[in-house]
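Report on one structure; see the data block that follows.
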Amino acid sequence: MAWVQTSSPTFVARHEESDYEDAVGVLELLEGTRERLSGAFSDQPAEVAVVLHGSGAQLALAQPYLPLLRTFTAPAGRRYLAGWYSAREVHVLAPRLLAQRASNVAGSREMIMLTPAALYAQLVVGHHNPGLPPPFRPSSLLRSMRWPWLAAGAGQYFSGQSGYARPAIARRLREGPRPPFPPGLRDAPLLGGTVFDLLVNEEGQSRAVELALTPPQGSPREALTRAFSGRPLMHTEGNWRAHLSRLAGA
């Protein structure tokens with residue numbers, strides 16, 4: 001299958017010829033995401049390419065971190081790990097394949113179709129936050145594994161993904177052990193956005209932007225104590241678990 005290139009004012013898509021219409025839609029999504037993020041992140045990377053892969057194997061070859069990360073992720077969140085990113089590229093399954101990965105529950109298709117936007121938001125956060133990837137150097141990769149909820153949660157919140165995660169969150173709370181706070185590597189791809197949701201609800205969006213841009217130093221628990229105005233973390237954790245329960249029951 002021949003690969004072609006389609007451009008928008010800010011992005012370039014590389015894709016199979018048969019995915020042209022979907023590529024145009026992804027470019028429109030990314031342009032809209034870039035515009036929405038411009039208020040909080042005025043300096044965004046230039047000349048970002050999005051690569052739409054026509055199979056899961058193709059994506060795994062291009063981004064070998066992804067299959068490994070999926071094995072560590074709770075089953076409720078695995079289907080939403082459908083792409084990865086680097087300093088100047090977003091790699092993601094073509095929309096026709098994203099749609100096939102969605103479950104039949106409400107919100108699943110909407111959430112997974114926002115994958116390109118969530119990955120771009122993570123790229124933007126990493127562009128501003130020197131402690132996070134990209135680039136994926138050993139030091140930044142280790143930090144992102146210690147703070148997995150930070151980039152993943154920012155991507156979910158700033159892309160709008162977290163608004164569609166309720167059914168998947170409900171499944172996660174029914175399956176497996178109680179998730180830790182903040183979410184670890186197993187739960188960050190699904191529950192990271194709920195940390196930012198709670199922070200925005202209680203402290204405002206500016207505090208969420210501040211958290212996303214603060215280099216990860218010390219411990220995640222210390223960072224969250226500061227983000228929530230110095231409140232003891234046990235109280236924030238209690239509010240977070242109540243927030244999860246409300247989302248799961250909605």
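Over the chain, Cα pairs under 8 Å with separation of 6+ residues give a relative contact order of 16 percent.
Hydrodynamic radius of region 186-250 by the Kirkwood approach over all distinct alpha-carbon pairs: 12.3 Å. Given 4 °C and 1.567 mPa s, how large is the Stokes-Einstein diffusion coefficient of region 27-88 in µm²/s, with Rh as the Kirkwood radius over Cα pairs? Estimated via Stokes-Einstein, D reaches 95 µm²/s.
Applying 1/(1 + (r/R0)^6) with R0 = 35 Å to the Cβ-Cβ distance of residue 49 and residue 237 gives a FRET efficiency near 0.30.
Computed over all pairs of different Cα atoms, the Kirkwood value for the hydrodynamic radius of region 150-219 is 12.5 Å. Work out the P(r) tail for region 65-168: percent of alpha carbon pairs separated by more than 16 Å, whole number. So the pairs more than 16 Å apart make up 56 percent of the total in region 65-168. Working note: Debye formula, equal point scatterers on the alpha-carbon atoms of region 119-164, no solvent; log10 I(q)/I(0) at q = 0.25, 0.29 Å⁻¹ is -0.82, -1.02. The value for region 112-245 of Rg(Cα) / (2.2 N^0.38 Å) is 0.97. Across 10 Å bins from 0, what is the distribution of all Cα-Cα pair distances for the chain, in whole percents? Once binned at 10 Å, the Cα pair distances of the chain give 7, 34, 37, 18, 3, 0. Once C-alpha pairs closer than 8 Å and six or more residues apart are averaged by separation and normalised to the residue number of region 101-250, the relative contact order reads 25 percent. Looking at the chain as a GNM with Cα springs under 10 Å, which of 15, 235, 53 has the largest mean-square fluctuation? The residue with the greatest mean-square fluctuation here is 235. Just checking the listed ones, 151, 13, 227: in the Gaussian network model of the chain with Cα springs under 10 Å, the one fluctuating most is 227. Binning all Cα-Cα separations of region 1-63 at 5 Å, short to long from zero, yields these whole-percent fractions: 4, 17, 25, 22, 16, 10, 5, 1. Both radii are taken from the alpha-carbon atoms of region 1-114; with Rh as the Kirkwood radius, Rg/Rh is 0.96.
Taken together, the values in this text are just the output of simple stated rules run on the coordinates, not laboratory data. Predicted, not measured: the structure shown is a model, and the values here were computed from it. Every residue, glycine as well, gets a Cβ built from its backbone with ideal geometry; the counts of neighbours run over all protein chains shown.
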